[in-house]
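Colleague: Quick one: this structure, given as structure tokens, is what I'll be asking you about.
Every number here is computed from the coordinates shown, using simple stated rules; none is lab data. These figures come from a predicted structure and were not determined experimentally. No Cβ is skipped: glycine too gets one built from the backbone with ideal geometry, and neighbour counts run over all protein chains shown.
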Amino acid sequence: MRSFLSSVGAVAVCLVAGSAFANSTGRAERSGKQGMSCASSGCHGGGASTPTVTLEGPTALSAGQTGNYSLIITGGPGVKAGMNVATGGLDGASLNAGSGSKTVPGGELTHSFPKTFTGDTARFDFSLVAPIVNGTLKVYAAGNSVDGDNKATGDAHANATLDVVITGGADPVDPVKPDEDEGGGCSATAGAPLLGAVLAVLAARRRRAS
């Protein structure tokens with residue numbers, strides 16, 4: 001029995017240690033768009049210092065235009081870096097991976113392998129194809145600065161967002177509200193003449209009866 005429990009414990013340790021190593025090839029839904037962070041999954045945390053994460057690139061694009069962007073991670077443990085990028089606010093945008101990153105289900109970007117810092121900075125370049133609908137597209141990004149030991153401790157992350165105004169496309173179509181008349185019901189405007197006609201008929205009958 002003791003031998004069995006020891007084996008189970010060893011497997012559990014391997015799974016925990018392996019989870020950090022598995023995320024060296026990236027993970028989605030940690031950009032901040034879904035309200036989850038790299039630390040909330042238990043993969044990274046306990047870093048001595050928090051890095052600075054910035055997004056650089058155009059803040060305005062024409063519908064369908066391609067813009068070039070960079071996610072820059074500065075500081076923190078500063079040995080290896082990872083990332084996750086997503087878009088929101090408008091449908092139809094697409095992200096294209098650059099060196100060291102890849103596209104994952106859901107159209108997000110994440111690192112394909114940990115990127116080595118150059119000095120105190122790591123940089124991930126990518127491109128974005130604007131949607132064909134006017135409005136404000138929000139780019140969400142998370143950046144990890146890790147110590148490279150494949151453990152959850154000793155790492156740190158930060159988030160950034162960038163608003164990109166899209167013009168020259170179609171205006172978004174507002175959904176029909178439930179209380180709006182779609183032509184099949186009785187609106188207040190249409191009901192007023194009908195009520196007046198009914199009252200006129202009743203008044204005429206009263207005059208004849210008298």
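Colleague: Exposure proxy check: 113, 124 ranked by fewest other beta carbons within 10 Å? Could the numbers behind the result be given before it?
Modeller: Numbers: 113 13, 124 24.
Result, fewest neighbours first: 113, 124.
Colleague: Oh, and also: Which Rg and Dmax, in Å, describe the Cα atoms of segment 66-186?
Modeller: 19.2, 70
Colleague: To continue, here is another question. Tally Lys and Arg at +1 and Asp and Glu at -1 over the other residues with C-beta under 15 Å from the C-beta of residue 128: what net charge comes out? List each step's numbers first, then the result.
Modeller: Values: positive: 33, 138; negative: 56, 91, 108, 125, 163.
Value of the local net charge: -3.
Colleague: Given a Förster radius of 25 Å and the C-beta distance between residue 102 and residue 34 as r, what FRET efficiency does 1/(1 + (r/R0)^6) yield to the nearest 0.05?
Modeller: Working: r = 19 Å, r/R0 = 0.76.
The calculated FRET efficiency here is 0.85.
Colleague: Can you return the lysines within cross-link range of residue 138? Criterion is Cα-Cα under 18 Å, with same-chain partners fewer than 8 residues away left out.
Modeller: Counting by Cα, and skipping residues close in sequence, residue 138 has these lysines nearby: 33.
Colleague: Please give, to one decimal in nm, the separation of the simple spin-label points placed at residue 136 and residue 52, each 7 Å out from Cα toward the Cβ.
Modeller: Inter-label distance under the simple model: 2.4 nm.
Colleague: Moving to a separate point now. Within the set of other residues whose C-beta is less than 15 Å from the C-beta of residue 118, count the net charge using Lys and Arg as +1 and Asp and Glu as -1. It would help to have the intermediate numbers written out before the result.
Modeller: On the way: positive: 80, 115, 123; negative: 120, 125.
Overall, the nearby charge balance is +1.
Colleague: Still on this structure, I have one more. Kirkwood hydrodynamic radius, computed over distinct alpha-carbon pairs, for segment 88-137: how many Å, to one decimal?
Modeller: With all distinct Cα pairs of segment 88-137 included, I get 12.4 Å.
Colleague: What is the Rg over Rh value, at two decimals, for segment 112-153, using alpha-carbon atoms and the Kirkwood definition of Rh? Display every interim value, and only then the final one.
Modeller: Working: Rg = 15.4 Å, Rh = 13.8 Å.
Here Rg/Rh amounts to 1.12.
Colleague: Also, I was wondering about something else. If I stretch the segment between residue 113 and residue 60 completely, what's the gain in nm (0.36 nm per residue apart, minus their alpha carbon distance), one decimal?
Modeller: Working: separation 53, 0.36 × 53 = 19.08 nm, distance 3.04 nm.
Here the segment from residue 113 to residue 60 would lengthen by 16.0 nm.
Colleague: Using mean Cβ contacts within 10 Å as the protection proxy, how do 131-138, 60-67, 83-90 order, highest first? Could you put the intermediate results ahead of the total?
Modeller: Values: 131-138: 17.5, 60-67: 15.4, 83-90: 23.1.
Highest-to-lowest ranking by the protection proxy: 83-90, 131-138, 60-67.
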